[in-house]
Amino acid sequence: DKAGYKHFMAKEIAEQPAVIGTTLDRYLDAEGRIHLPANGLDFARIDRISMVACGTASYACQVAKYWFEQLARLPVDVDIASEFRYREPPFVANTTALFVSQSGETADTLAALRYCAEQGLQIASLTNVPESSIARESDVALPIEAGVEIGVASTKAFTCQLTALFIMALKAAQVRGTLTPAQIADHLVQLRQLPGLINATLSLSDRIEDVSRKLAEARDVLFLGRGALYPLALEGALKLKEISYIHAEGYASGELKHGPIALIDRKVPVVVLAPTDPLFDKTVSNMQEVLAREGKVILITDAAGAKRAGEGAAHVITLPEIPPALAPILYAIPAQLLAYHTAVAKGTDVDQPRNLAKSVTVE
Ligand code: F6R
């Protein structure tokens, strides 16, 4: 049931404030304590996390790598499952393997899990389906609580994965003593504000629809981001190509001059994901390089960023201010809406894009 929305994808995008609230309630109590399963992850004994996933779920892992490393000083490897399983990687002692999958049935991710189980690793997973194969074969199975996701393009599962992963990184920081109790309490207060900020961002949908009408005319689109916004650039590009069939690529902003800048001309829109954070000025200088080559910049930032760097951009989408650590979750929303409205403008089958299946159970 689409509950009055034109597409399941639109409904699932709109559900995000509510389902993220559910994820938060699952892992945090009213006193702001973090609850992970008791049999679960003892971050005092984990020296490395090896995260494995496919597609959008792998971008959630890439964001989480920044969080675990920065907040908890815990080293993380991220692999896409189809490469990982055939590479048969060696592990250092005290590595926990963490598999992230909306469906919990993705064939390559499941095969990677079985490889790690054979190697004797602790197996943890984050899925949206508690009775799925990946959840059942895990030592520690964590749910994301996103509710059933029907649109083939993953939206609410992605932001719920990110929310759960952020809480796990905070727990790791707490146990490892890399953040003070006060710092953790601050992060938790900010996390509770996320549903409201996402709601405010959803109200920009009409504005994003206007921008998308222009985007629908493009043949190629680039997405740029730095730090934890780099995986969001990858996710924005994947979402766009998946449902609008426009060729899109995501790059780390700093990689631009190592090749992709050759693609820029006045016909190539470049979506720049740039919240004001310590890397903002660096991203903006990459944006200037695009503008100098007449690229059409769509700048997604906050009010302070719009003021500092909005000039020259063809379009500026101004999001609410958010603490830098949580920006990857909020910036997923405009990326989803851009893809959605562009696909609608092009008249593609948004919920059932050609050649794609919701659950990839064959390799
Ligand atoms: C993109 C998308 C896919 C999935 C990937 C993994 O919108 O939906 O890239 O993220 O197929 O699926 P799960 O998470 O079910 O393992």
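Answer yes or no as to whether Ala309 is farther than 25 Å from Ser154 by Cβ and away from the ligand (no atom under 16 Å from the Cβ). Spell out the reasoning first.
Values: farther than 25 Å from Ser154 by Cβ: yes; away from the ligand (no atom under 16 Å from the Cβ): yes.
Here the answer is yes, as Ala309 does meet what is asked.
Given the criterion under 17 Å from the mean Cα position of the chain (by Cα) and either assigned to a strand (DSSP E or B) or basic (Lys, Arg) (or both), identify the matching residue among Lys214, Lys171, Lys239. Steps first, answer last, please.
Details: Lys214 fails: under 17 Å from the mean Cα position of the chain (by Cα); Lys171 fails: under 17 Å from the mean Cα position of the chain (by Cα).
Within the list Lys214, Lys171, Lys239, the selection yields Lys239.
Given the criterion surrounded by 19 or more Cβ atoms within 10 Å (Cβ to Cβ), touching a residue at least 12 places away in the same chain (Cβ under 8 Å) and within 16 Å of the ligand (Cβ to nearest atom), identify the matching residue among Val350, Val270.
Val350
Restricting attention to the stretch 125-139, which residues are touching a strand residue (DSSP E or B) at 6+ places or on another chain (Cβ under 6 Å) and away from the ligand (no atom under 11 Å from the Cβ)?
Filtering the stretch 125-139 for residues touching a strand residue (DSSP E or B) at 6+ places or on another chain (Cβ under 6 Å) gives 125-127, 130, 134-135, 138-139.
Passing the criteria: Pro130, Ala135, Ser138, Asp139.
Name the residues in the stretch 71-81 that are of a type outside the set (Asp, Glu) and either free of Cβ contacts under 8 Å to residues at least 12 places away in the same chain or closer than 15 Å to Cys116 by Cβ (or both), would you? Walk me through it before giving the result.
Initial filter on the stretch 71-81 (of a type outside the set (Asp, Glu)): 71-76, 78, 80-81.
Across the stretch 71-81, the qualifying residues are Val76, Val78, Ile80, Ala81.
Within the stretch 142-184, can you find the residues that are under 26 Å from Ala18 (Cβ atoms) and surrounded by fewer than 22 Cβ atoms within 10 Å (Cβ to Cβ)? Full working, then the answer.
As a first pass, look at the stretch 142-184 and keep what is under 26 Å from Ala18 (Cβ atoms): 142-171, 184.
Result: Pro143, Glu145, Gly147, Val148, Ile150, Val152, Lys171, Ile184.
Looking for something surrounded by fewer than 24 Cβ atoms within 10 Å (Cβ to Cβ), closer than 28 Å to Ala200 by Cβ and of a type in the set (A, V, I, L, M) - is there at least one such residue anywhere in the stretch 73-91?
No, there is no match, as no residue in the stretch 73-91 is surrounded by fewer than 24 Cβ atoms within 10 Å (Cβ to Cβ), closer than 28 Å to Ala200 by Cβ and of a type in the set (A, V, I, L, M).
Based on this model, can you work out whether Ala303 counts as open to solvent by 10 Å² or more (accessible area, probe 1.4 Å) and free of Cβ contacts under 8 Å to residues at least 12 places away in the same chain? Spell out how you get there, then give the answer.
On the way: open to solvent by 10 Å² or more (accessible area, probe 1.4 Å): yes; free of Cβ contacts under 8 Å to residues at least 12 places away in the same chain: no.
Taking the combined requirement at face value, the residue does not satisfy it.
A quick yes/no check of all residues on (1) in a loop (DSSP other than H, G, I, E, B); (2) closer than 18 Å to Asp210 by Cα; (3) within 16 Å of the ligand (Cβ to nearest atom); (4) more than 17 Å from the chain's Cα centre (by Cα):
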{"residue": "Ile300", "(1), (2), (3), (4)": "no, yes, no, no"}
{"residue": "Ile322", "(1), (2), (3), (4)": "yes, no, no, no"}
{"residue": "Leu330", "(1), (2), (3), (4)": "no, no, no, no"}
{"residue": "Lys358", "(1), (2), (3), (4)": "yes, no, yes, yes"}
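Which numbered condition in (1) within 30 Å of Gln183 (Cα to Cα); (2) in contact with a Cys (Cβ under 7 Å, 6 or more places away or on another chain); (3) of a type in the set (A, V, I, L, M, F, W, C) is the only one that Ala81 fails?
With respect to (1) within 30 Å of Gln183 (Cα to Cα); (2) in contact with a Cys (Cβ under 7 Å, 6 or more places away or on another chain); (3) of a type in the set (A, V, I, L, M, F, W, C), Ala81 is out only on (1).
So, of the residues in the stretch 94-124 that are within 22 Å of the chain's Cα centre (by Cα) and charged (D, E, K, R), which turns out to be nearest to the ligand (Cβ to nearest atom)?
It comes out as Glu105.
Could you run through the stretch 30-77 and say how many residues are among the basic types (Lys, Arg) and part of a strand (DSSP E or B)? Before you say what the answer is, go through the steps one by one.
Of the residues in the stretch 30-77, the ones among the basic types (Lys, Arg) are 33, 45, 48, 65, 73.
Going one step further and asking which of them are part of a strand (DSSP E or B), we end up with 48.
Here the count works out to 1.
Scanning for something assigned to a strand (DSSP E or B), under 18 Å from Thr23 (Cβ atoms) and of a type in the set (Val, Ile, Thr), does the stretch 120-127 turn up at least one residue? Before you say what the answer is, go through the steps one by one.
Kept after step one, since they are assigned to a strand (DSSP E or B), are these residues of the stretch 120-127: 122-127.
Filter again for under 18 Å from Thr23 (Cβ atoms), leaving 124-127.
So of that shortlist, the ones also of a type in the set (Val, Ile, Thr) come out as 127.
Among the residues of the stretch 120-127, at least one is assigned to a strand (DSSP E or B), under 18 Å from Thr23 (Cβ atoms) and of a type in the set (Val, Ile, Thr), which makes the answer yes.
What are the pairs, 6+ residues apart or on separate chains, where a residue within the stretch 214-227 that is in contact (Cβ under 8 Å) with a residue 12 or more places away in the chain has its Cβ under 6 Å from a residue that is open to solvent by 10 Å² or more (accessible area, probe 1.4 Å) and in a strand (DSSP E or B)?
So the pair list comes out as Leu215/Pro269; Ala218/Pro269; Asp220/His247; Val221/Pro269; Leu222/Glu249; Phe223/Gly250; Leu224/Tyr251.
Let's see how each residue does on (1) over 16 Å from Ala124 (Cα atoms); (2) surrounded by 16 or more Cβ atoms within 10 Å (Cβ to Cβ); (3) not acidic (Asp, Glu):
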residue: Lys6; (1), (2), (3): yes, no, yes
residue: Glu15; (1), (2), (3): yes, yes, no
residue: Ala30; (1), (2), (3): yes, no, yes
residue: Ala44; (1), (2), (3): no, no, yes
residue: Val63; (1), (2), (3): yes, yes, yes
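The values are calculated or read from the model by the stated rules, or taken from the named source; none is laboratory data. What you are looking at is a predicted structure, and each value in this text was computed from that prediction instead of being measured. Note: ideal-geometry Cβ built from the backbone for every residue, glycine included; neighbour counts use all protein chains shown. Calculation scope for accessible area: heavy atoms of the full protein, side chains included, ligands and nucleic acids excluded. Shrake-Rupley method; radii C 1.70, N 1.55, O 1.52, S 1.80 Å.
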